[in-house]
Amino acid sequence: MNIPSQTTSLTQGRPEQAQQNTSAGVGLLVRSILAQTRVELLLTIRRGESVLITIIVPVVLLVFFASLNIVPTGGRAVDFLLPGMLALAVMATGMVSLGIATAYERYYGVLKRLGGSPLPRGGLITAKIASVLVLEGAQIVLLVGVAVGVYGWRPQGELAVALLALALGTAAFAGLGLAMAGSLRAEATLAGANGLYLIFLLLGGVLLPPDHLPAPLEALARALPAAALTDALRASMTSGAAFPGSDLILLAVWAAIILLVAMRTFRWE
(Lines give C-alpha, C1' and ligand atoms only; values in the text may rest on other atoms or scores of the structure.)
Protein backbone atom coordinates (compact mmCIF):
# COMPACT_ATOMS: atom_id res chain seq x y z
CA MET A 1 0.00 0.00 0.00
CA ASN A 2 2.99 2.38 0.55
CA ILE A 3 4.55 1.75 -2.85
CA PRO A 4 2.56 4.40 -4.78
CA SER A 5 3.39 7.08 -2.22
CA GLN A 6 7.11 6.18 -2.32
CA THR A 7 7.07 6.27 -6.12
CA THR A 8 5.41 9.68 -6.04
CA SER A 9 8.06 10.94 -3.59
CA LEU A 10 10.89 9.71 -5.80
CA THR A 11 9.32 11.28 -8.88
CA GLN A 12 8.96 14.61 -7.09
CA GLY A 13 12.60 14.46 -5.96
CA ARG A 14 14.03 14.04 -9.44
CA PRO A 15 13.61 17.70 -10.55
CA GLU A 16 15.19 18.87 -7.30
CA GLN A 17 18.09 16.48 -7.80
CA ALA A 18 18.47 17.64 -11.40
CA GLN A 19 18.45 21.25 -10.26
CA GLN A 20 21.12 20.49 -7.66
CA ASN A 21 23.24 18.75 -10.28
CA THR A 22 22.86 21.70 -12.64
CA SER A 23 23.82 24.17 -9.90
CA ALA A 24 26.84 22.06 -8.99
CA GLY A 25 27.88 21.91 -12.64
CA VAL A 26 27.57 25.68 -13.06
CA GLY A 27 29.53 26.23 -9.86
CA LEU A 28 32.30 23.91 -11.05
CA LEU A 29 32.45 25.71 -14.41
CA VAL A 30 32.69 29.12 -12.75
CA ARG A 31 35.46 27.93 -10.42
CA SER A 32 37.33 26.40 -13.36
CA ILE A 33 37.08 29.65 -15.36
CA LEU A 34 38.29 31.70 -12.37
CA ALA A 35 41.22 29.32 -11.86
CA GLN A 36 42.17 29.50 -15.56
CA THR A 37 41.84 33.31 -15.46
CA ARG A 38 44.31 33.40 -12.58
CA VAL A 39 46.72 31.20 -14.56
CA GLU A 40 46.39 33.46 -17.61
CA LEU A 41 47.19 36.54 -15.49
CA LEU A 42 50.21 34.89 -13.86
CA LEU A 43 51.57 33.82 -17.24
CA THR A 44 51.09 37.32 -18.64
CA ILE A 45 52.91 38.91 -15.70
CA ARG A 46 55.80 36.46 -16.10
CA ARG A 47 56.21 37.35 -19.80
CA GLY A 48 58.47 40.38 -19.76
CA GLU A 49 57.59 41.37 -23.33
CA SER A 50 53.89 41.44 -22.45
CA VAL A 51 54.49 43.66 -19.42
CA LEU A 52 56.62 45.98 -21.58
CA ILE A 53 54.09 46.38 -24.39
CA THR A 54 50.92 46.47 -22.28
CA ILE A 55 51.95 48.29 -19.10
CA ILE A 56 55.19 50.20 -19.60
CA VAL A 57 54.98 51.59 -23.15
CA PRO A 58 51.63 53.46 -22.76
CA VAL A 59 52.79 55.05 -19.48
CA VAL A 60 56.19 56.05 -20.91
CA LEU A 61 54.58 57.59 -24.01
CA LEU A 62 52.09 59.51 -21.84
CA VAL A 63 54.78 60.91 -19.55
CA PHE A 64 57.23 61.67 -22.38
CA PHE A 65 54.86 63.53 -24.72
CA ALA A 66 52.86 65.23 -21.95
CA SER A 67 56.08 66.52 -20.39
CA LEU A 68 57.49 67.82 -23.68
CA ASN A 69 54.12 69.31 -24.61
CA ILE A 70 54.86 69.01 -28.34
CA VAL A 71 51.60 67.38 -29.37
CA PRO A 72 49.74 69.75 -31.77
CA THR A 73 46.48 70.21 -29.85
CA GLY A 74 44.51 73.29 -28.91
CA GLY A 75 44.41 72.44 -25.20
CA ARG A 76 46.47 70.64 -22.61
CA ALA A 77 48.56 67.78 -23.90
CA VAL A 78 47.33 65.35 -21.23
CA ASP A 79 43.69 65.87 -22.26
CA PHE A 80 44.61 64.74 -25.79
CA LEU A 81 47.10 62.03 -24.85
CA LEU A 82 45.24 60.15 -22.08
CA PRO A 83 42.39 58.84 -24.32
CA GLY A 84 44.98 57.82 -26.90
CA MET A 85 47.02 55.91 -24.33
CA LEU A 86 43.90 54.14 -23.05
CA ALA A 87 43.14 53.08 -26.62
CA LEU A 88 46.76 51.95 -27.07
CA ALA A 89 46.53 49.89 -23.88
CA VAL A 90 43.40 48.14 -25.21
CA MET A 91 45.17 47.34 -28.49
CA ALA A 92 48.29 46.07 -26.72
CA THR A 93 46.41 43.83 -24.30
CA GLY A 94 43.82 42.38 -26.66
CA MET A 95 45.64 42.20 -29.96
CA VAL A 96 49.36 41.90 -29.13
CA SER A 97 49.59 40.14 -25.76
CA LEU A 98 46.55 37.86 -26.10
CA GLY A 99 47.16 37.15 -29.79
CA ILE A 100 50.84 36.25 -29.51
CA ALA A 101 50.42 34.20 -26.32
CA THR A 102 47.52 32.21 -27.79
CA ALA A 103 49.38 31.64 -31.05
CA TYR A 104 52.35 30.07 -29.24
CA GLU A 105 50.02 28.01 -27.02
CA ARG A 106 48.50 26.63 -30.21
CA TYR A 107 51.97 26.09 -31.74
CA TYR A 108 53.21 24.09 -28.71
CA GLY A 109 49.98 22.06 -28.46
CA VAL A 110 48.87 23.65 -25.19
CA LEU A 111 45.46 24.58 -26.61
CA LYS A 112 44.89 21.01 -27.78
CA ARG A 113 45.69 19.61 -24.33
CA LEU A 114 43.53 22.23 -22.61
CA GLY A 115 40.72 21.35 -25.01
CA GLY A 116 40.79 17.81 -23.60
CA SER A 117 40.59 19.01 -19.99
CA PRO A 118 37.34 19.31 -17.97
CA LEU A 119 37.35 23.03 -18.80
CA PRO A 120 35.35 23.40 -22.05
CA ARG A 121 36.78 25.42 -24.91
CA GLY A 122 34.20 28.13 -24.38
CA GLY A 123 35.35 28.35 -20.77
CA LEU A 124 38.96 28.71 -21.88
CA ILE A 125 38.09 31.59 -24.21
CA THR A 126 36.03 33.18 -21.42
CA ALA A 127 39.01 32.93 -19.07
CA LYS A 128 41.29 34.58 -21.65
CA ILE A 129 38.83 37.44 -22.18
CA ALA A 130 38.43 37.82 -18.40
CA SER A 131 42.21 38.13 -17.99
CA VAL A 132 42.24 40.81 -20.71
CA LEU A 133 39.54 42.77 -18.84
CA VAL A 134 41.47 42.54 -15.55
CA LEU A 135 44.66 43.78 -17.23
CA GLU A 136 42.78 46.61 -18.92
CA GLY A 137 41.34 47.63 -15.55
CA ALA A 138 44.85 47.78 -14.10
CA GLN A 139 46.09 49.80 -17.08
CA ILE A 140 43.23 52.30 -16.76
CA VAL A 141 43.92 52.77 -13.06
CA LEU A 142 47.65 53.26 -13.73
CA LEU A 143 47.26 55.68 -16.66
CA VAL A 144 44.52 57.75 -15.02
CA GLY A 145 46.54 57.77 -11.78
CA VAL A 146 49.58 59.16 -13.59
CA ALA A 147 47.46 61.76 -15.41
CA VAL A 148 45.78 62.90 -12.18
CA GLY A 149 48.82 62.75 -9.94
CA VAL A 150 51.45 64.21 -12.27
CA TYR A 151 49.52 66.48 -14.66
CA GLY A 152 46.46 67.45 -12.63
CA TRP A 153 43.99 65.84 -15.04
CA ARG A 154 40.41 65.72 -13.77
CA PRO A 155 37.64 63.38 -15.01
CA GLN A 156 35.15 64.99 -17.35
CA GLY A 157 32.75 63.99 -20.10
CA GLU A 158 30.49 60.93 -20.18
CA LEU A 159 31.76 57.86 -18.29
CA ALA A 160 29.11 55.53 -19.75
CA VAL A 161 30.12 56.42 -23.32
CA ALA A 162 33.79 55.89 -22.48
CA LEU A 163 33.02 52.45 -21.01
CA LEU A 164 31.00 51.56 -24.12
CA ALA A 165 33.92 52.56 -26.35
CA LEU A 166 36.33 50.50 -24.22
CA ALA A 167 34.01 47.47 -24.41
CA LEU A 168 33.68 47.68 -28.20
CA GLY A 169 37.42 48.26 -28.56
CA THR A 170 38.17 45.24 -26.38
CA ALA A 171 35.87 43.06 -28.50
CA ALA A 172 37.45 44.29 -31.75
CA PHE A 173 41.11 44.00 -30.77
CA ALA A 174 40.82 40.82 -28.68
CA GLY A 175 38.93 39.31 -31.62
CA LEU A 176 41.70 40.42 -33.96
CA GLY A 177 44.32 38.82 -31.73
CA LEU A 178 42.39 35.53 -31.55
CA ALA A 179 41.69 35.58 -35.29
CA MET A 180 45.42 35.81 -36.06
CA ALA A 181 46.37 33.30 -33.34
CA GLY A 182 43.84 30.72 -34.52
CA SER A 183 44.60 30.86 -38.24
CA LEU A 184 48.24 31.93 -38.72
CA ARG A 185 51.56 30.42 -37.72
CA ALA A 186 52.91 31.66 -34.42
CA GLU A 187 55.74 33.55 -36.12
CA ALA A 188 53.29 35.23 -38.51
CA THR A 189 51.04 36.21 -35.60
CA LEU A 190 54.05 37.68 -33.78
CA ALA A 191 55.02 39.77 -36.80
CA GLY A 192 51.46 40.71 -37.71
CA ALA A 193 50.45 41.79 -34.21
CA ASN A 194 53.56 43.93 -33.73
CA GLY A 195 53.23 45.41 -37.24
CA LEU A 196 49.57 46.34 -36.69
CA TYR A 197 50.47 47.78 -33.28
CA LEU A 198 52.96 50.14 -34.93
CA ILE A 199 50.50 51.09 -37.70
CA PHE A 200 47.72 51.79 -35.22
CA LEU A 201 50.11 53.79 -33.03
CA LEU A 202 51.05 56.02 -35.97
CA LEU A 203 47.67 56.26 -37.74
CA GLY A 204 45.23 55.69 -34.90
CA GLY A 205 45.18 59.24 -33.55
CA VAL A 206 47.09 58.16 -30.45
CA LEU A 207 49.90 60.73 -30.70
CA LEU A 208 48.81 62.87 -33.65
CA PRO A 209 45.32 63.98 -34.73
CA PRO A 210 44.33 62.19 -37.96
CA ASP A 211 43.64 65.54 -39.67
CA HIS A 212 47.38 66.27 -39.45
CA LEU A 213 48.11 63.34 -41.78
CA PRO A 214 48.24 63.60 -45.58
CA ALA A 215 44.77 63.23 -47.10
CA PRO A 216 45.14 59.58 -48.27
CA LEU A 217 46.54 58.51 -44.92
CA GLU A 218 43.84 60.44 -43.06
CA ALA A 219 41.14 58.64 -45.07
CA LEU A 220 42.78 55.28 -44.31
CA ALA A 221 43.18 56.15 -40.62
CA ARG A 222 39.54 57.14 -40.22
CA ALA A 223 38.42 53.80 -41.67
CA LEU A 224 40.43 51.77 -39.13
CA PRO A 225 39.15 50.66 -35.72
CA ALA A 226 42.08 52.27 -33.90
CA ALA A 227 41.12 55.83 -34.86
CA ALA A 228 37.44 55.09 -34.14
CA LEU A 229 38.32 53.89 -30.63
CA THR A 230 40.65 56.83 -29.95
CA ASP A 231 38.21 59.44 -31.26
CA ALA A 232 35.29 57.90 -29.34
CA LEU A 233 37.29 57.90 -26.10
CA ARG A 234 38.52 61.45 -26.69
CA ALA A 235 34.99 62.74 -27.31
CA SER A 236 33.58 60.89 -24.30
CA MET A 237 36.31 62.32 -22.05
CA THR A 238 35.86 65.92 -23.20
CA SER A 239 33.27 68.10 -21.52
CA GLY A 240 30.66 69.39 -23.98
CA ALA A 241 31.88 67.28 -26.91
CA ALA A 242 29.34 65.84 -29.36
CA PHE A 243 28.24 62.21 -28.94
CA PRO A 244 30.68 60.07 -30.98
CA GLY A 245 27.94 58.07 -32.70
CA SER A 246 29.71 57.48 -36.02
CA ASP A 247 32.89 56.33 -34.27
CA LEU A 248 30.97 53.91 -32.04
CA ILE A 249 29.05 52.49 -35.01
CA LEU A 250 32.26 52.00 -37.00
CA LEU A 251 33.89 50.34 -34.01
CA ALA A 252 30.87 48.06 -33.50
CA VAL A 253 30.93 47.04 -37.17
CA TRP A 254 34.64 46.26 -36.96
CA ALA A 255 34.08 44.25 -33.76
CA ALA A 256 31.25 42.21 -35.31
CA ILE A 257 33.22 41.44 -38.49
CA ILE A 258 36.41 40.51 -36.66
CA LEU A 259 34.65 38.29 -34.11
CA LEU A 260 32.78 36.51 -36.90
CA VAL A 261 36.04 35.88 -38.75
CA ALA A 262 37.68 34.65 -35.53
CA MET A 263 34.84 32.20 -34.83
CA ARG A 264 34.92 30.83 -38.38
CA THR A 265 38.69 30.51 -38.78
CA PHE A 266 40.00 29.63 -35.31
CA ARG A 267 41.74 26.27 -35.19
CA TRP A 268 42.81 24.68 -31.91
CA GLU A 269 45.78 22.79 -33.35
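The values are calculated or read from the model by the stated rules, or taken from the named source; none is laboratory data. Here the structure is a predicted model, which means the values were calculated and not measured. FYI the Cβ positions are ideal-geometry reconstructions off the backbone, even for glycines, and counts take in every protein chain you see. Ligands, DNA and RNA are stripped out before the accessible areas are found, and what is left, the full protein with its side chains, is counted by its heavy atoms. Shrake-Rupley method; radii C 1.70, N 1.55, O 1.52, S 1.80 Å.
Here the peptides 262-269, 93-100 are ranked by packing, the mean other Cβ count within 10 Å, and the order with the highest first is 93-100, 262-269.
Packing here is the average count of other Cβ atoms within 10 Å per residue, and on that basis the peptides 235-242, 122-129, 202-209, 41-48, highest first, run 202-209, 122-129, 235-242, 41-48. Stretching V253 away from W268 to a fully extended chain increases their span by 2.8 nm, per 0.36 nm per residue minus the current alpha-carbon distance. Entry note, the stretch 189-257: relative contact order of 24 percent, from Cα contacts under 8 Å with a spacing of 6+ residues. Relative to the longest principal axis of the Cα atoms of the chain, helix 186-203 runs at roughly 40 degrees. For the stretch 53-207, the relative contact order is 41 percent, taking Cα pairs closer than 8 Å that sit 6 or more residues apart in sequence and dividing their mean separation by the residue count.
A DSSP coil position with no more than 13 other Cβ atoms inside 10 Å describes none of the chymotrypsin sites (Phe, Trp or Tyr not before Pro) in the stretch 151-185. Each Cα pair under 8 Å and six or more residues apart adds its separation to the average, and for the chain the resulting relative contact order is 25 percent. Against the chain, whose longest principal axis is taken from its Cα atoms, helix 121-151 shows a tilt of about 30°. How much of the accessible area of the chain, probe 1.4 Å, is carbon plus sulfur, in whole percent? Of the solvent-accessible surface of the chain, carbon and sulfur hold 69 percent. For the chain, the average shadow cast by the Cα convex hull is 18.8 nm², which is a quarter of the hull's surface. For the Cα atoms of the chain, what angle does the longest principal axis make with the long axis of helix 159-183, in degrees from 0 to 90, nearest 10? Roughly 70 degrees, rounded to the nearest 10. In this structure the chain gives 51 Å² per residue of accessible area when probed at 1.4 Å with all protein chains present. Computed from backbone phi with θ = phi - 60° and the Karplus coefficients 6.51, -1.76 and 1.60, the 3J(HN,Hα) list for the stretch 73-79 is 10, x, x, 6, 4, 5, 5 Hz; x is used for glycine and proline. Near the amide H of T238, within less than 5 Å, lie the amide hydrogens of E158, all on another chain or at least 5 residues away, with H placed in the peptide plane. Among residues other than P244 whose Cβ falls under 12 Å from its Cβ, what is the net charge (Lys/Arg +1, Asp/Glu -1)? Local charge sum for P244: -2.
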